[in-house]
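Coordinate-derived values only; no laboratory data. Fair warning: this is a prediction, and the values are worked out from it, not measured in the lab. We place every Cβ from the backbone using ideal geometry, glycine too, and count neighbours over all the protein chains shown.
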Amino acid sequence: MGDWEWPLILFTVLGQIAIGIIVMLWWLDRDRDHLDTQLFKQGVYVSGGLLILALLASLFHLGHPEVAYRALAHLGSSWLSREILLFLLTFLAWINLFWLSRRQTSSHPIGADAATITTAEIAAEGQQSGNRSLGLGITSVLGLLGIASSAMIYVLPRVPAWNNVGPVLFFLLTTGLLGALVTLVLGRKLLHPTQKKLLLQCSLGCTIASLLFYVIYASMLSASMEGATSLNFLLSSPLFWARALLGWFAPLLLLVSMLKNSQVAKTNLILTLTLFSVLGEVLGRALFYLSATGIQITALF
Amino acid sequence: MKLSRRKFLGGAVAAASSITLFNFNLLTGSPSASASAADQPSEAIKTFRNVCPRNCYDTCGMITYVQDGILKKVEGDPKHGYTNGKLCLKGYAYPRRVYSPDRIKYPMKQTPRGSGNWTRISWDEAMDTIAKKILDLKQRYGSTLPICLDKYSGNFGIVHYGIEGTMSSIGYTTRAVGTPCWPAGIDAQTYDFGTLYSNDPEDMVNAKYLILWGQNAAWTAIHSFPFINKARERGAKLVVIDPILTSTASKADLYIQVNPSTDGALALGMARYIIDNNWVDWEYARANSIGFDEWVDYIKKEVTLDWASEKTGVPKDIIMEIAREYATAKPASMWVGYGMQRHTNGGQNVRIIDALGVMTGNVGKSGGGVNYGHLETWGFNYNAMVNAAPKGSKGFIGPDGKEGDRAINMNNFAHDVSAQSDPPVKMLWLACRNPGAQDPDTNAIEKMFASMEFVVTVDSFFNKTVEMSDIVLPATTHFEDWDVMASYWHYWIGINERAIDPLYESKSDVEIAIELSKKLNALEPGSCTFPTSGTPEEWLAKEFNPGIHQMLGIEDYKELMDGPRKANMPAASWSDGKFRTPSKKIEIHCELAEKNGLPALPIWVDEMKTPEKYPLRFMTPHPQHALHSQFQNLDWMMTANPEPKVEIHPVLAAKYGITEGNMVKVYNDLGSITVKAHLTRTTSLNVIVSYESWYKNSNFNVNYTLKAIPSDMGKQATGNDGLAFHDNFVMIEKA
Amino acid sequence: MSKQLGFLHNSEKCVGCRGCEMACKNEYQIDAAPQWRKVFQLHEEDFSLPTRMFFSMACNHCAHPECLRVCPVEAYTKRDDGIVVHDPNRCIGCRLCTMACPYDRPQINSAKKKVEKCNLCYQRIDNGEQPACVAACIPGALELVEINDILDQKTGVLKTLPGLPSPKLTTPSIRFIGPKQGKQIRRD
Amino acid sequence: MTFYEDCPPHVLEVHSQLLLTLSQLFAKGGEKLPQTLIPLLKSCSAIADHHKVEKLHLTNQVLAQYSEADDDEYLVMCYEYNRLFVGPAAPVAPPYESVYLSPDHLVMREQTLAVREIYRRENLQAVGQRHEPDDFISIELEFAAYLLNRIIEAEAAKNNAKIQLYKTLYREFWNQHLGLWLGTFAHTISQSAKHPVFSSLSNVLSTLSTLHTPLNTKEANYETFAPQISRGSSSCCL
């Protein structure tokens, strides 16, 4: 059975939120002008802050963080090396975004008088938002690859609970879910209702997928002895049921009711929902590490 | 960061001048510091020859690697033909023993005893306190008899007999006499053959059939395995007879889980079947022994296979099988372990097994023998031991009218010390001995210690005995001593060099004796005869004599520094047929035994009955990670084997609602211990097993439940009967 | 790679004396906690009769070492003779190898915050000596061998024992001669 | 924050005195506390006055209170001293560097050899070399005091080269040895001390240790320390 790996939990969850935000911004930015510049800036800053926090947290996992740079040495076969590389590239791409966001003029309030905008401004803005979209896209792709690499680290033949598509799937779903919700929180005043709805739908999709895949994943686990041990651990752990409540059932109820009753704008609900989901995912990640049972020597002494 | 030394050091002169300016207390000018040495911070590795001095069959030759005066690692000595360059797990842990911060470092005094209030004292003060106490007792009681020595097997180095010498040199004292481990078997062989004398264990390779009887070599004599294996490769069958399915038994071709204490019945059953089939070596038996036919008659009259089978729990056909095989595979070897004689009929059982060996003509044969142990290679001078009592010393008048030391029973130490009244015992000197952990009835030991006026213990670690002492003196490890070691099993003798300087203020037992002698003589001239000079190596040199030289084929002890030597003796004991009994023959009928109140013949004597109240036999054999209370406290051992366990058969455990890992209380009238359960079918339904040991920071001690019940023999050769360690009965419950 | 060195463990001969375990610690003066080599006692129920049977295991110098694959700093290298060497100077203590090895042989030294493991005494092998554990094995149960088809075709040579992870995971360079049970006359 | 070695000579003198009184306290042991506690109190007061360390003032009050203790109280302190540092039971806080810094917590390890080598560079060696570990706290403290005195001498002689050399040597010795374990040692004492005097002693040691903090944080990590290990370890090891 694994340990309570705080540095890894923080690194993966925070990193995934950070990249999730960028992905969401990129998605919202797919049609020009749809992404509010203020939200872009905020998103980029928050994402960057989280990314830095995540990278710092990861250092605490190491026995010798002062030589963490060496982790880049084994790209040939180590997913950890690849993860670090991709996260560093993501960070570089983020610096580009940061630079873009510093240069971005404030966007106009929704419904501003179009006549006051000169053609030059339009051209400049078009250029800007083109760069922005490209920047967001590159960061998103690198980030998602980084997350996939993160997940691939855990795809170890020794650990049946991890040695499948599960880690990649769950890491990406966390990215989508928390990315969407945090973006929603950031843009609670800046997003169009339709955009909000989209983000909520995305969250709902991710949550449902997460629950469904988890059920399938759990049934897969029981196939191996070690997997079954993991499963037993999970089902008998109060943490797991807290995770299920916070991360699946409560958000599902909230999301369905919010979407049904068009309460997309209610800040309190958004905050509550995000808090639940973040807690649920953190617990889920903790359990991911805790429940890992490796194939091992079984002997008397 | 690296400094160039020459820049700021004008050499020794500059340093010397600086020393005059600064008042050093702990540092001093370094004579060795020269420019050339400065570039070579580390010395080359030096090797030394050592011998493990523990109470163990194997007495391994060791090579010790030392650099800069620090012991770096140990290895087996490849020149040692029995241990062949290999050590056991305990041997490899020695560096941890030497450099453990737990070691006792200085002489220390406890006030009051048992309080845990210790002050550090100088050697001078320690010796002064002890000497004054000795003189005070001598004055008060008119002799040194109130002083009692308990020394045994903590270090079997020959120079360590200086401990006995320490006592001899102050006068006549009270001595714990005997040996807890093996006396019943020693007497059995003494009655039968005149003494204990086993074949060279390397000769086991010539056996065609091998019975290990109550012997767990895998844990207690691991170096015998290559020889056993060699014999097996040559076709020998290995039979292990033991109440516990040990690691050794698990390797056997045939394992027999005999009822404890019924080994003699099994041997008699075998003898009966051998007689019935006339596989008896009549020629050998009649030519070499007396009383053989008398014994055969007894068997024909009294012993049946059905009886033997019922008694031992071994099916008849198995008794027949091993009887046939043992009698017809010539030669066949038996190794009688010390475990099987720790019963109230243990010595008698060994005598029966001896007779079985004689009956089949396996005694005196290469590849044969009834092998128990020997002391043939121990003919040293015991120079450090033999000191005349000071003039005018008053002694104890023994039953023979001779004046001398007062012997008390080591195996009932607590009781016997307390029982002395004329004069009473007032002071204990303990060295190479930890009765607090190893003696029976720990509660009684605690009480007895509490009644003493003064207790001195020499040891390296803070064990239960040190805990109950007034003064503790730090003992050197064998790496810090000069010594010579012989084995009671193999035929090799090795020298033990001083590989490193004694750590802290530790001293060897002889050095302690010298200090004490100086002090006593200063306080009262002539009060101690122990010599007050001689280097440790000189003391070692004095142990050798022409007999030892000849036995080893050397002219000087220094030749042993090139490697251990094997005694020049025939591979088979008794091959010359010159037995050392009064009759010069094997005494199947032994009048000496009869005189001592024992059966003259090796006939069946009933085992101890299981008391109704305590239906479970609690066996406490030797551990794997320790030798008695040595080794298990070291960090490597505490990692590898962190806690004691009691082995319980699953069916028995179920009866008491005990599952794996439960804490179990094991108790009887004497006391109790609480220990974790391990369920295993390696033991039987009415036997529970826990291995005796001293764990660091633990009061676990199997002897809290152990009564000082004597075994049937031991008095003749060792002064006192042994202990029936394995006739201990208890009850268990889930704690 | 020209060859693959490994261990041949004879459970028939091994009496679980743990000399190899301590000889390894003595050779390198390893701290108390890490056990580069460890003697395991097999479960009693894996045999027809109760017994004390053992195998001794250090790093298996696998043909497909997971430790080497996952290590981000290339602290692990595989020599031409197949020995998987861990270089503590490169190690950053990420512990991924301890998660990946099914035998739990790379172990974190919590004082040094680095992983350590058996390097098959390569410096002794290069000197023509036996590894410390093999040299110390009194019953001759542990051998240094070349793992190859010739060995695998010998009768009695096994690739695994009960209680061990499937060799398919990492192709460990260890072979066994299975424990053999004698006859037992028991009282239960 | 000023470093010890950069202080003016009269301050160095105060520090040197503290190191020496501590050295003497550990060298003479629990039995001689009546003689060693008062000098320690004096040098602690001097340090407290100079550095305005509040914690030390409180500590000094305790020390002052117990330095006037009667014989019985001193005996209690002696027992506690031996329980903590000497034995014969396994001591709680053995006063040897390698017990804290070597991963296996034994004496006579690489740290012992490393300090032996540093002493030797100064043409010095421990009086009890090969019997007593060279990294016994008293020896290390005395050596540190000696280095401070060399700085004072050099200052008096206005020998700049020597001043620099001894300052460097002092810093090196502190950062690689005393500074690395005094804090842990003090902590171990405070965790189990049953007598206020030893809590105070622990405070003095940790204050001594923290007065050097700026240096510690700069260099006292494993990596700077690792080469010491590999240099010190024997060739029979990897």
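Output the 0 to 90 degree angle, nearest 10, between the alpha-carbon long axis of helix B:12-21 and the longest principal axis computed from the alpha carbons of chain B. Approximately 80 degrees, to the nearest ten.
Viscosity 0.692 mPa s, temperature 37 °C: what is the translational diffusion coefficient of chain B from Stokes-Einstein with a Kirkwood Rh over Cα pairs, rounded to a whole number of µm²/s? Before the final figure, lay out each step's value.
Numbers: Rh = 27.3 Å.
Approximately 120 µm²/s, per Stokes-Einstein.
Amide H contacts under 5 Å for C:Phe54: C:Leu42, restricted to partners 5 or more places along the chain or on a different chain, H placed in the peptide plane at 1.01 Å from N. Between B:Asn596, D:Ala161, D:Pro196, the Cα set farthest toward the positive side of the dipole of the protein assembly as shown (charges on each charged residue's Cβ, about the Cα centre) is that of D:Ala161. DSSP finds beta bridges in the stretch B:616-734, and of those with both partners inside it, around 65 percent are antiparallel.
If the elastic network links every pair of Cα atoms under 10 Å, which of A:Lys260, A:Lys197, A:Lys41 fluctuates the most in the Gaussian network model of chain A? Comparing A:Lys260, A:Lys197, A:Lys41 in the GNM, the peak value goes to A:Lys260. Here's how it looks for B:Thr360: its modeled amide H is under 5 Å from those of B:Asp281, which are all 5 or more places away or on a different chain. When the Cα atoms of the stretch B:215-328 are aligned to their principal axes, the ranges along those axes come out at 40, 32, 22 Å in descending order. Note on B:Lys316: aspartates and glutamates with a C-alpha under 19 Å away, same-chain residues under 8 apart excluded, are B:Asp242, B:Asp253, B:Asp263, B:Asp276, B:Glu302, B:Asp306, B:Glu325, C:Asp188.
When a footprinting reagent is the concern and you count Cβ atoms within 10 Å, what order do D:Leu25, A:Leu169 take, fewest first?
On the way: D:Leu25 23, A:Leu169 18.
Lowest count first: A:Leu169, D:Leu25.
Per the Kirkwood definition applied to all pairs of different Cα atoms, how many angstroms is the hydrodynamic radius of chain A?
Details: mean 1/r = 0.0492 Å⁻¹.
20.3 Å is the Kirkwood radius here.
Among C:Leu142, C:Leu120, C:Leu161, the residue with the largest mean-square fluctuation in a Gaussian network model of chain C, with springs joining Cα atoms closer than 10 Å, is C:Leu161. Spin-label model, B:Asn443 to C:Gln130: label points 7 Å out along the Cα-to-beta-carbon direction sit 5.1 nm apart. Axis angle, to the nearest 10 degrees, between helix B:346-359 and the longest C-alpha principal axis of chain B: 60 degrees. Taking θ as phi - 60° and the Karplus parameters 6.51, -1.76 and 1.60, the scalar couplings of the stretch A:163-179 work out to 7, 7, 6, x, x, 4, 4, 5, 5, 5, 5, 4, 4, x, 4, 6, x Hz in sequence order, x denoting glycine and proline.
Across C:Thr51, C:Thr171, C:Thr155, mean-square fluctuation computed from a Gaussian network of chain C (C-alpha pairs under 10 Å connected) peaks at C:Thr155. Sparsely packed loop sites in the stretch B:301-359 (the trypsin sites (Lys or Arg not before Pro) outside DSSP H, G, I, E and B with at most 15 other Cβ atoms within 10 Å) do not occur.
Is the shape of the protein assembly as shown rounded, prolate or oblate, going by the alpha carbon gyration tensor and its root eigenvalues a ≥ b ≥ c, with a/c under 1.5 for rounded and a/b larger than b/c for prolate?
oblate
Quick one: 3J(HN,Hα) in Hz for the stretch A:50-55, Karplus 6.51/-1.76/1.60 with θ = phi - 60°, rounded, Gly and Pro as x. Result, ordered by residue: 5, 4, 5, 4, 4, 5 Hz. Exposure proxy ranking for B:Met468, B:Met340, based on other Cβ atoms within 10 angstrom of each Cβ and starting from the fewest, stands as B:Met468, B:Met340. Treating r as the C-beta distance of B:Ser575 and B:Asp124 and R0 as 41 Å, the FRET efficiency rounds to 0.15.
Here is the list for the stretch B:565-662: trypsin sites (Lys or Arg not before Pro) lying in DSSP coil, each with at most 13 other C-beta atoms within 10 angstrom of its C-beta, are B:Lys578, B:Arg580, B:Lys584, B:Lys609, B:Lys613. Note on B:Ile45/B:Lys613: beta-carbon distance plugged into 1/(1 + (r/R0)^6) with R0 of 41 Å gives a FRET efficiency of 0.10. Of the chymotrypsin sites (Phe, Trp or Tyr not before Pro) found in the stretch B:596-660, none is in coil by DSSP with at most 13 other Cβ atoms within 10 Å of its Cβ. Placing a label point 7 Å from the Cα of B:Asn23 along the Cα-to-Cβ direction, the residues of the stretch D:140-172 whose backbone N falls under 20 Å from that point are D:140-154.
Gap in Å between the Cα centre of the stretch B:699-718 and the Cα centre of the stretch D:160-190? One Cα centre to the other: 56 Å.
Just to confirm my numbers, what's the Cα centroid distance between the stretch A:42-93 and the stretch A:154-220 in Å? That distance is 21 Å.
Here's the picture: charge each Lys and Arg Cβ at +1 and each Asp and Glu Cβ at -1 in the stretch C:5-177, and of C:Cys14, C:Gln35, C:Thr171 the one pushed furthest to the positive end of that dipole is C:Gln35. Compared with the dominant principal axis of the Cα atoms in chain B, helix B:183-193 is inclined by about 60°.
Dipole magnitude for the stretch B:49-98: computed about the Cα centre from +1 point charges on Lys and Arg Cβ and -1 point charges on Asp and Glu Cβ, it is near 120 debye.
Rounded to the nearest 20 debye, the dipole magnitude of the protein assembly as shown is 3300 debye, with +1 charges on Lys and Arg beta carbons, -1 on Asp and Glu beta carbons, and the Cα centre as origin.
Rounded to whole numbers, the Karplus 3J(HN,Hα) couplings from phi for the stretch D:74-85 are 4, 5, 4, 4, 4, 4, 5, 4, 5, 5, 6, 10 Hz, using 6.51 cos²θ - 1.76 cosθ + 1.60 with θ = phi - 60°, and x at Gly and Pro.
Please report B:Asp481, C:Asp149, B:Asp501 as a ranked list, fewest other C-beta atoms within 10 angstrom at the top and most at the bottom. Before the final figure, lay out the partial values.
Values: B:Asp481 29, C:Asp149 7, B:Asp501 15.
Least crowded to most crowded, the residues run C:Asp149, B:Asp501, B:Asp481.
Each residue, A:Lys197 and A:Thr298, gets one label point 7 Å from its Cα in the Cβ direction; the gap between the two is 5.5 nm.
Legend: mean number of C-beta atoms from other chains within 10 angstrom of residue C-beta atoms, peptide C:173-186, equals 4. Ordering D:Trp174, D:Tyr96, D:Ser16 by Cα displacement along the dipole of chain D toward the positive end leaves D:Trp174 in first place; charges were set at the Cβ atoms of Lys, Arg (+1) and Asp, Glu (-1).
Nearest 20 debye, what's the magnitude of the dipole of chain D about its Cα centre given +1 on Lys and Arg Cβ and -1 on Asp and Glu Cβ? Don't skip to the answer; put the middle values down first.
Values: 19 positive and 27 negative charges, 104 e Å.
Taking the Cα centre of chain D as origin, the dipole is about 500 debye.
Annotation for the stretch C:91-134 versus the stretch B:385-403: alpha-carbon center distance of 62 Å. Across peptide C:39-50, the average count of Cβ atoms from other chains found within 10 Å of a residue's Cβ is 4. Once backbone amide H atoms are built at 1.01 Å from N, B:Leu616 has B:Val730 as its partners under 5 Å, excluding neighbours fewer than 5 places away on the same chain.
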